[in-house]
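The values are calculated or read from the model by the stated rules, or taken from the named source; none is laboratory data. What you see is a predicted model, and the numbers here were worked out from it, not measured in a lab. Here Cβ is always computed from backbone atoms with ideal geometry, including for glycine, and neighbour counts include all displayed protein chains.
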Amino acid sequence: MDILITGGAGYIGSHTAIELLNNKRNIIIVDNFSNSKKEVLEKIKEITKKDFKFYEVDYKNEKALDKIFEENNIEAVMNFAGYKAVGESTQKPLEYYENNITGAITLLKVMKKHNVKKFIFSSSATVYGNPEKVPITEESKTGETTNPYGTTKLYIEQILKDLYKSDNTWDIAILRYFNPVGSHESGLIGEEPNGIPNNLMPYIVRVASKSLKELSIFGNDYDTKDGTGVRDYIHVVDLAKGHIKALEKLEKENQGLYIYNLGTGKGYSVLDMVKAFEKATGQKVPYKIVDRRPGDIAICYSDPSKAQKELNWKAEKTLIDMCKDSWKYITRS
Ligand code: UD1
């Protein structure tokens with residue numbers, strides 16, 4: 001049986017592909033390289049010494065997807081495809097709603113047609129908006145997302161809940177990622193944002209490698225221990241392993257809709273990140289304090305105990321691992 005991975009050449013999809021292959025699973029990757037590179041597929045093969053099928057297909061292309069389901073014996077789908085740049089989503093809301101939501105619906109329709117009903121969805125802590133309290137549990141209130149990207153995640157979650165309500169033979173896992181960072185320990189694959197990065201870790205890495213002059217820290221007057229924003233950074237390999245555990249859960253339970261936070265449960269400030277990065281790599285990260293970034297929240301970190309209890313999954317890598325591996329990828333590539 002095959003596991004279909006849409007967006008499998010992307011940052012989280014490629015790391016999950018490796019974990020699936022290491023777990024002796026057959027995988028099929030679908031990607032249209034809208035925000036990823038062909039070379040990643042070769043790197044996955046190099047790291048795992050395993051082969052897999054690949055289709056260069058846009059996941060909104062129903063006909064092409066239908067053919068893939070005809071040709072293969074697909075058991076489950078992991079959907080990593082989708083646009084993910086928060087700032088860009090505020091400039092191009094229609095493109096974001098169309099790509100992320102139409103893509104998910106198309107995929108689900110084709111799955112239904114072929115009676116494939118195990119689905120794992122990449123959601124985000126962004127669905128919690130500005131949390132009323134931390135740590136955030138899966139029962140915390142969702143909604144009031146601050147950008148169209150976040151709203152696409154929220155809407156797709158709702159679509160999945162409605163789908164499950166209409167037919168409880170579906171088997172769905174919604175995984176809410178906190179802040180994924182780091183890269184595979186080989187340094188062969190990692191995060192490659194287009195243009196100037198928006199997220200903290202890719203920005204720090206570029207400052208350390210001197211391709212950007214200094215980090216701008218967006219505000220030091222938040223109600224946090226040192227005034228800078230606090231987040232739950234999680235190593236992408238730990239995150240990838242969470243998907244294997246979620247798949248095993250769906251295979252074991254056979255029918256249900258499950259929601260899990262995937263985070264470490266620890267909050268680190270921007271200054272903690274700068275210090276940890278300098279310690280882990282020996283590189284300097286010059287910074288200046290600037291105004292707050294609109295839409296940012298002060299504190300966001302998870303309560304990951306549900307995933308630990310029900311999936312037997314726990315993030316294991318440290319902040320130092322996250323920094324070292326992010327740096328390794330940049331210095332190798
Ligand atoms: C953002 C998105 C979230 C998305 C996540 C992906 C918003 C509101 N949220 O989260 O939807 O899922 O990215 O990882 O945009 N920072 C700086 N300087 C920088 C960059 C960031 O000080 O140059 C600070 C931010 O103010 C924040 C922290 O670093 O306190 C983390 O920022 P970032 O990596 O962009 O992630 P989030 O804002 O948490």
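Against the test of being near the ligand (Cβ under 9 Å from one of its atoms), charged (D, E, K, R) and either at pLDDT 95 or above or touching a Gly at 6+ places or on another chain (Cβ under 6 Å) (or both), the options LYS153, LYS109, LYS141 yield a single qualifying residue, LYS153. Taking each residue of region 22-40 that is under 21 Å from GLU71 (Cβ atoms) and looking for partners that are at pLDDT below 95 with beta-carbon atoms closer than 8 Å, six or more apart or interchain, yields ASN26/MET1. Comparison of GLU70, GLU75, GLU42 shows that the only residue that is more than 18 Å from MET111 (Cβ to Cβ) and not in a loop (DSSP other than H, G, I, E, B) is GLU42. For region 259-318, taking the residues that are more than 16 Å from the ligand (Cβ to nearest atom) and basic (Lys, Arg), the one that is nearest to THR126 (Cα to Cα) is identified as LYS306.
When region 122-160 is filtered for residues that are assigned to a strand (DSSP E or B) and over 24 Å from ASP296 (Cα atoms), nothing remains.
The single residue among GLY82, GLY87, GLY103 that is part of a helix (DSSP H, G or I), in contact (Cβ under 8 Å) with a residue 12 or more places away in the chain, surrounded by 15 or more Cβ atoms within 10 Å (Cβ to Cβ) and of a type in the set (Gly, Ala, Ser) turns out to be GLY103.
The residue that is farthest from GLY295 (Cα to Cα), counting only those in region 184-201 that are of a type outside the set (A, V, I, L, M) and surrounded by 21 or more Cβ atoms within 10 Å (Cβ to Cβ), is HIS184. None of PHE69, PHE54 is within 25 Å of GLN255 (Cβ to Cβ), more than 16 Å from the ligand (Cβ to nearest atom), surrounded by 15 or more Cβ atoms within 10 Å (Cβ to Cβ) and touching a residue at least 24 places away in the same chain (Cβ under 8 Å) except PHE69.
Filtering region 207-227 to residues that are of a type outside the set (Gly, Ala, Ser) and under 15 Å from GLU278 (Cβ atoms) leaves VAL207, LYS210, GLU214, LEU215, ILE217. Can you confirm whether region 242-250 contains a residue that is within 16 Å of the ligand (Cβ to nearest atom) and crowded, with 17+ Cβ neighbours inside 10 Å? There is at least one residue in region 242-250 that is within 16 Å of the ligand (Cβ to nearest atom) and crowded, with 17+ Cβ neighbours inside 10 Å. The set of residues in region 137-172 that are small (Gly, Ala, Ser), surrounded by fewer than 18 Cβ atoms within 10 Å (Cβ to Cβ) and touching a helix residue (DSSP H, G or I) at 6+ places or on another chain (Cβ under 8 Å) contains only GLY143. Taking region 181-240 as the range and being outside any loop (DSSP other than H, G, I, E, B), charged (D, E, K, R) and within 12 Å of the ligand (Cβ to nearest atom) as the test, the residues that pass are ARG206, ARG231.
Annotation note: of SER36, SER122, the sole residue that is under 17 Å from the mean Cα position of the chain (by Cα) and over 21 Å from ASP162 (Cα atoms) is SER36.
Quick one: would you say GLY265 is part of a loop (DSSP other than H, G, I, E, B), more than 30 Å from THR169 (Cβ to Cβ) and modelled with pLDDT of 95 or more? Against the criterion (part of a loop (DSSP other than H, G, I, E, B), more than 30 Å from THR169 (Cβ to Cβ) and modelled with pLDDT of 95 or more), GLY265 qualifies.
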